[in-house]
Amino acid sequence: MEKKTKAPKKRAMTASEKSYQRLRRRRRFIRYLPLYIMLLPGAAYLIINNYLPMAGLLIAFKKVNYSLGLFKSPWVGLSNFKFLFSNSDALIALRNTVLYNLGFILLGNVFAIIVAIALDSAKNRYFKRISQVVYLIPFLLSTVIVSYIVLAFLNPSNGFMNNTILPLFGIDKPIKWYNESKYWPMILNIVFLWMSFGYSSILYYSSVISIDKTYYEAAVVDGASVWQQIIHITLPGIKPTIITLVLLAIGRICYSDFGLFYLIPQHSGLLYSTTQTIDTFVYRALLELNDVGRSSAAGFLQSIMGFIFVLGANMLVSKLDKESALF
Amino acid sequence: MVSNNKTYNFFVNFLLATLIVACIIPFWLLFVGSVTSEDYLLQHGYTLFPKEFSFSAYQYLWGAKDSIGRAYLMSIVIASIGVVANIVLTVLFAYPLSHKDLPGRGAISFFLFFTMLFNGGLVPTYMVYTNIINVKDTLAGMIVPYLLMNAFFVIIMRTYFTSSIPGEVLEAARIDGANEVQSLLKIVLPMSKPIIATIALMTLITYWNNWTNGIYFLTTRTDLYGIQNYLNDVMNKASFLQSHMTGLINAKAVPNISVRMAIAVIAVLPLMIAYPFFQKYFVKGITLGSVKG
């Protein structure tokens, strides 16, 4: 269609051709106008909710003064960033964010793959279905509810851990979970696994069941053990899913689940050295300490690094497996 | 997997069964905590089997039904408005994008997609919603920021429109003189019920579970709290009381342990009752993520 309209442009158009073009254009416009109008509400929302904040990242280079307003507040160069790194808080938050994410990626994926393979191997259909349904329950809950559950376990005076589980192992001295930071990397990894394994194992399971069953049958005829089937058929079969999920998670390595790190440790200041992440740092600096400078500087770095990591991870995905890339 | 290895089969069933228990026990603990007497809880802690039954926690809740009921009602109002608005915005944005011949389609798609790659984060978003468009301490603060439209769902919906609705049907409608609005309402929407239901469910759960908008944007109007923020507030007051045993705030104002557990049980209950009915769509909703949009 477009080629046809382009070709006659080379010579001068006659009057009738011109009016025909105009008519066509007007018809096209009238036809598409309702579609453009439909786009308006969503576009307005994206501008307010997404694009204005992107531009707003620049306040990291300003000294915000509410009496002057955001636009008139003076530019201060990099001083917010200098202030941000004047003590080690931000670096600890960054370290925690990255290390937790690495732990989550490793544990989460290994565990989800094991569960997915187990689901695929189970013989009883109903048992399989019930397992899948139940595993998603923790994923369905809000973090607030999860924080109640964790407190029921870890409450130092009447929690289930100190009163029932630890005595089983002969530990009678109650542990003050919310005062000692050394336990939290383990606790948060377990809570993360508990909340998310259902979700990720179902993603892997849908990949495992798409593997052609005849491979397994042929392997068994050749005398392959269960272990050999897993290593040589299942894992290669779900390799694209593994690569995609891991790389997408690496793309989000600068971000953390705010609720997990904010609510589950009960805002205990004693635990910040192992529970503070960039997201809780930014929140606390902005809304609890009213320190716009530091929070905006930390947020700026998170957004920029996040963007770089997402782009990088996607480039890798599209190199390894074009189908699974986001773009 | 083909296996007649008894040890392996045993291990598989054992693992799956253990995980079922691991998913359920925490709820059981909450529930037992809510029906155990406060004295027993304080002395012996949580147990798997209730030793001293007491429904005083639920009696207390019945007495406080006004505040809990209001939080519940707010959650329902917020989630209903949010889901409807979200679906309307999503459909209206996805439908034009499903027209392959729409001039500027590529640019508009990028405009949408870019929001998935890059975002301003909390500080500028907070500034926009408190200084430019003020939603602080309003119902809109619970509904509008972050949640009203999700680029990912728009892309899923657009893909559904292009792949599951035959172009011939739309072409025929146009020849018969239907305009775009008519095609959308009379043809596309009725044929897209499954995807709309799935996205609506995922959005509903997101709104129901959201508590961050409450702590970001509601500072004085705690009467607008939904059930999640209400729960969080109870928890904060209780831990404040625990760390400041100075009688600064009225101890009676904070529900005791079994009551807190009872509130949590009541907050989870409707979701758990409804879950078996919607779990099919829920699974569909989360596996949408693994299908490229």
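Any chance you could count how many residues in the stretch A:124-172 are among the aromatic types (Phe, Trp, Tyr), farther than 27 Å from B:VAL234 by Cβ and without any contact (Cβ under 8 Å) to a residue 12 or more places away in the chain?
Start the filter on the stretch A:124-172 by keeping residues that are among the aromatic types (Phe, Trp, Tyr), which leaves A:126-127, A:135, A:139, A:148, A:153, A:160, A:169.
Now restrict to residues that are farther than 27 Å from B:VAL234 by Cβ: A:126-127, A:135, A:169.
In the following step, the residues that additionally are without any contact (Cβ under 8 Å) to a residue 12 or more places away in the chain were identified as A:126-127, A:169.
Qualifying residue count for the region: 3.
Are there any pairs with C-beta distances below 7 angstrom linking a residue in the stretch A:75-102 that is buried (at least 20 other Cβ atoms within 10 Å of the Cβ) to a residue that is basic (Lys, Arg) and in a helix (DSSP H, G or I), with the two at least 6 apart or on different chains, and if so which?
A:ASN80/A:ARG294; A:LEU84/A:ARG294
Mind checking which residues of the stretch A:291-325 are surrounded by fewer than 18 Cβ atoms within 10 Å (Cβ to Cβ), hydrophobic (A, V, I, L, M, F, W, C) and either at positive phi or at pLDDT below 80 (or both)?
The one that is surrounded by fewer than 18 Cβ atoms within 10 Å (Cβ to Cβ), hydrophobic (A, V, I, L, M, F, W, C) and either at positive phi or at pLDDT below 80 (or both): A:LEU320.
Say we look at the stretch A:276-290 and pick out the residues that are more than 12 Å from every other protein chain (Cβ to nearest Cβ) and surrounded by 16 or more Cβ atoms within 10 Å (Cβ to Cβ); which of these is nearest to B:MET116 (Cα to Cα)?
Residue satisfying both the conditions and the ranking: A:THR277.
Filter the stretch A:83-109 for residues that are aliphatic (A, V, I, L, M) and closer than 15 Å to A:THR275 by Cα and give the result.
Within the stretch A:83-109, A:ALA90, A:LEU91, A:ILE92, A:ALA93, A:LEU94, A:VAL98, A:LEU99, A:LEU102 meet the criteria.
Could you please let me know if A:SER273 is within 29 Å of A:ASN80 (Cα to Cα), out of contact with any Lys or Arg (no Cβ under 7 Å at 6 or more places or on another chain), outside any helix (DSSP H, G or I) and more than 9 Å from every other protein chain (Cβ to nearest Cβ)?
For A:SER273, the condition - within 29 Å of A:ASN80 (Cα to Cα), out of contact with any Lys or Arg (no Cβ under 7 Å at 6 or more places or on another chain), outside any helix (DSSP H, G or I) and more than 9 Å from every other protein chain (Cβ to nearest Cβ) - is not met.
Tell me the helices (runs of 4 or more DSSP H) entirely within the stretch B:109-205 that contain at least 2 residues that are hydrophobic (A, V, I, L, M, F, W, C) and more than 24 Å from the chain's Cα centre (by Cα).
In the stretch B:109-205, the matching helices (runs of 4 or more DSSP H) lie at B:167-175.
Can you list the helices (runs of 4 or more DSSP H) lying wholly within the stretch A:55-156 that have 2 or more residues being more than 30 Å from B:LYS280 (Cβ to Cβ)?
Correct list: A:79-84, A:89-121, A:143-154.
Please go through the stretch A:147-164 and pick out each residue that is of a type outside the set (S, T, N, Q), touching a Gly at 6+ places or on another chain (Cβ under 7 Å) and within 7 Å of another protein chain (Cβ to nearest Cβ).
Listed by number, the residues that qualify are A:ALA152, A:GLY159, A:PHE160.
Of all residues in the stretch A:235-255, how many are closer than 16 Å to A:SER200 by Cβ and of a type in the set (Gly, Ala, Ser)?
Qualifying residue count, the stretch A:235-255: 2.
A:SER131 fails exactly one of the following numbered conditions: (1) of a type outside the set (Lys, Arg); (2) closer than 30 Å to A:ALA285 by Cα; (3) touching a helix residue (DSSP H, G or I) at 6+ places or on another chain (Cβ under 9 Å); (4) within 11 Å of chain B (Cβ to nearest Cβ). What is the number of that condition?
The number of the failed condition is (2).
Could you go through the stretch B:131-139 and let me know if any residue there is under 23 Å from A:ASP279 (Cα atoms) and among the hydroxyl-bearing types (Ser, Thr, Tyr).
Scanning the stretch B:131-139, I find no residue that is under 23 Å from A:ASP279 (Cα atoms) and among the hydroxyl-bearing types (Ser, Thr, Tyr), so the answer is no.
Sort out which residues of the stretch B:110-152 are crowded, with 20+ Cβ neighbours inside 10 Å and either more than 11 Å from every other protein chain (Cβ to nearest Cβ) or among the basic types (Lys, Arg) (or both), and write them in order of number.
Scanning the stretch B:110-152 gives B:GLY141, B:MET142, B:ILE143.
Which residue out of A:VAL191, A:VAL144 is within 22 Å of A:ALA112 (Cα to Cα) and within 12 Å of chain B (Cβ to nearest Cβ)?
One residue alone meets the criteria, A:VAL191.
In the stretch A:197-226, which residues are more than 17 Å from A:GLY108 (Cα to Cα) and part of a helix (DSSP H, G or I)?
Across the stretch A:197-226, the qualifying residues are A:LYS213, A:THR214, A:TYR215, A:TYR216, A:GLU217, A:ALA218, A:ALA219, A:VAL220, A:VAL221, A:VAL226.
Within the stretch A:109-118, how many residues turn out to be buried (at least 18 other Cβ atoms within 10 Å of the Cβ) and either more than 19 Å from B:LYS284 (Cβ to Cβ) or at the interface with another protein chain (Cβ under 7 Å from one of its Cβ atoms) (or both)? Break it down stepwise before answering.
Narrowing the stretch A:109-118 to residues buried (at least 18 other Cβ atoms within 10 Å of the Cβ): A:109, A:112-113, A:115-118.
Narrowing the set further to residues that are either more than 19 Å from B:LYS284 (Cβ to Cβ) or at the interface with another protein chain (Cβ under 7 Å from one of its Cβ atoms) (or both) leaves A:109, A:113, A:115, A:117-118.
Residues that pass the stated criteria total 5.
The values are calculated or read from the model by the stated rules, or taken from the named source; none is laboratory data. What you see is a predicted model, and the numbers here were worked out from it, not measured in a lab. Glycine also receives a Cβ, built like all others from the backbone with ideal geometry; neighbour counts cover every protein chain displayed.
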